[in-house]
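Report on one structure; see the data block that follows.
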Amino acid sequence: MTVVNETPPTKATVILAQVFISCLMAFLMTGIFTAIPAALAPGWVGVWLTRFATAWPIAFVLSMAVGPLSFWLARRTQHLLAMARG
(Lines give C-alpha, C1' and ligand atoms only; values in the text may rest on other atoms or scores of the structure.)
Protein backbone atom coordinates (compact mmCIF):
# COMPACT_ATOMS: atom_id res chain seq x y z
CA MET A 1 0.00 0.00 0.00
CA THR A 2 1.32 3.43 -0.97
CA VAL A 3 1.28 6.16 1.63
CA VAL A 4 -0.05 9.42 0.22
CA ASN A 5 1.30 12.67 1.61
CA GLU A 6 -1.78 14.56 2.79
CA THR A 7 0.14 17.75 3.60
CA PRO A 8 -1.22 20.58 1.48
CA PRO A 9 1.31 22.22 -0.81
CA THR A 10 2.86 25.50 0.29
CA LYS A 11 1.92 28.71 -1.51
CA ALA A 12 5.41 28.80 -3.04
CA THR A 13 4.96 25.27 -4.39
CA VAL A 14 1.59 26.17 -5.94
CA ILE A 15 3.01 29.29 -7.59
CA LEU A 16 6.06 27.41 -8.91
CA ALA A 17 3.82 24.64 -10.24
CA GLN A 18 1.68 27.27 -12.00
CA VAL A 19 4.83 28.74 -13.59
CA PHE A 20 5.74 25.31 -14.99
CA ILE A 21 2.18 24.40 -16.00
CA SER A 22 1.53 27.72 -17.73
CA CYS A 23 4.93 27.62 -19.47
CA LEU A 24 4.48 24.10 -20.80
CA MET A 25 0.88 24.63 -21.87
CA ALA A 26 1.63 27.94 -23.60
CA PHE A 27 4.69 26.41 -25.29
CA LEU A 28 2.81 23.37 -26.58
CA MET A 29 -0.42 25.13 -27.53
CA THR A 30 1.25 27.99 -29.40
CA GLY A 31 3.52 25.48 -31.11
CA ILE A 32 0.62 23.35 -32.28
CA PHE A 33 -1.54 26.28 -33.34
CA THR A 34 1.36 27.87 -35.21
CA ALA A 35 2.60 24.68 -36.89
CA ILE A 36 -0.78 23.54 -38.22
CA PRO A 37 -1.66 26.55 -40.39
CA ALA A 38 1.99 27.22 -41.29
CA ALA A 39 2.48 23.56 -42.29
CA LEU A 40 5.97 23.81 -40.78
CA ALA A 41 7.01 26.29 -43.49
CA PRO A 42 10.33 28.07 -43.10
CA GLY A 43 10.10 30.76 -40.44
CA TRP A 44 7.31 29.15 -38.42
CA VAL A 45 9.56 28.65 -35.39
CA GLY A 46 10.16 32.41 -35.11
CA VAL A 47 6.43 33.07 -35.26
CA TRP A 48 5.86 30.34 -32.68
CA LEU A 49 8.39 31.77 -30.23
CA THR A 50 6.90 35.27 -30.60
CA ARG A 51 3.44 33.89 -29.86
CA PHE A 52 4.80 31.88 -26.94
CA ALA A 53 6.45 34.98 -25.43
CA THR A 54 3.07 36.72 -25.56
CA ALA A 55 1.01 33.75 -24.38
CA TRP A 56 3.06 32.60 -21.39
CA PRO A 57 2.53 35.64 -19.13
CA ILE A 58 -1.16 35.64 -19.99
CA ALA A 59 -1.41 31.90 -19.29
CA PHE A 60 0.35 32.35 -15.94
CA VAL A 61 -1.97 35.13 -14.77
CA LEU A 62 -5.04 33.20 -15.90
CA SER A 63 -3.82 29.99 -14.24
CA MET A 64 -3.33 31.86 -10.96
CA ALA A 65 -6.86 33.24 -11.28
CA VAL A 66 -8.56 29.93 -12.07
CA GLY A 67 -6.34 27.76 -9.87
CA PRO A 68 -8.32 28.27 -6.66
CA LEU A 69 -11.59 27.66 -8.52
CA SER A 70 -10.17 24.49 -10.06
CA PHE A 71 -9.05 23.14 -6.68
CA TRP A 72 -12.46 23.97 -5.19
CA LEU A 73 -14.24 22.20 -8.07
CA ALA A 74 -11.99 19.15 -7.68
CA ARG A 75 -12.64 18.93 -3.93
CA ARG A 76 -16.38 19.46 -4.44
CA THR A 77 -16.52 16.79 -7.16
CA GLN A 78 -14.66 14.31 -4.98
CA HIS A 79 -17.01 15.06 -2.09
CA LEU A 80 -20.10 14.56 -4.27
CA LEU A 81 -18.72 11.31 -5.69
CA ALA A 82 -17.95 10.03 -2.21
CA MET A 83 -21.49 10.88 -1.09
CA ALA A 84 -22.97 9.13 -4.14
CA ARG A 85 -20.97 5.97 -3.37
CA GLY A 86 -22.33 5.95 0.13
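The values are calculated or read from the model by the stated rules, or taken from the named source; none is laboratory data. Here the structure is a predicted model, which is why all the values come from computation and not from measurement. Glycine gets a Cβ as well: all are built from the backbone with ideal geometry, and neighbour counts include every protein chain shown. Heavy atoms of the whole protein, side chains included, go into the accessibility calculation; ligands, DNA and RNA do not. Shrake-Rupley method; radii C 1.70, N 1.55, O 1.52, S 1.80 Å.
Within segment 61-82, is there a residue that is more than 23 Å from Pro8 (Cα to Cα) and either touching a helix residue (DSSP H, G or I) at 6+ places or on another chain (Cβ under 6 Å) or in a loop (DSSP other than H, G, I, E, B) (or both)? Taking every residue of segment 61-82 in turn, none turns out to be more than 23 Å from Pro8 (Cα to Cα) and either touching a helix residue (DSSP H, G or I) at 6+ places or on another chain (Cβ under 6 Å) or in a loop (DSSP other than H, G, I, E, B) (or both). Taking every residue in segment 24-42 that is exposed (fewer than 15 other Cβ atoms within 10 Å of the Cβ) and pairing it with any residue that is assigned to a helix (DSSP H, G or I) and of a type in the set (A, V, I, L, M), at least 6 positions away or on another chain, the pairs with Cβ-Cβ distances below 7 Å are Ala38/Val47. All of Arg51, Arg76 fail the test of being charged (D, E, K, R), open to solvent by 80 Å² or more (accessible area, probe 1.4 Å) and touching a residue at least 12 places away in the same chain (Cβ under 8 Å), apart from Arg51.
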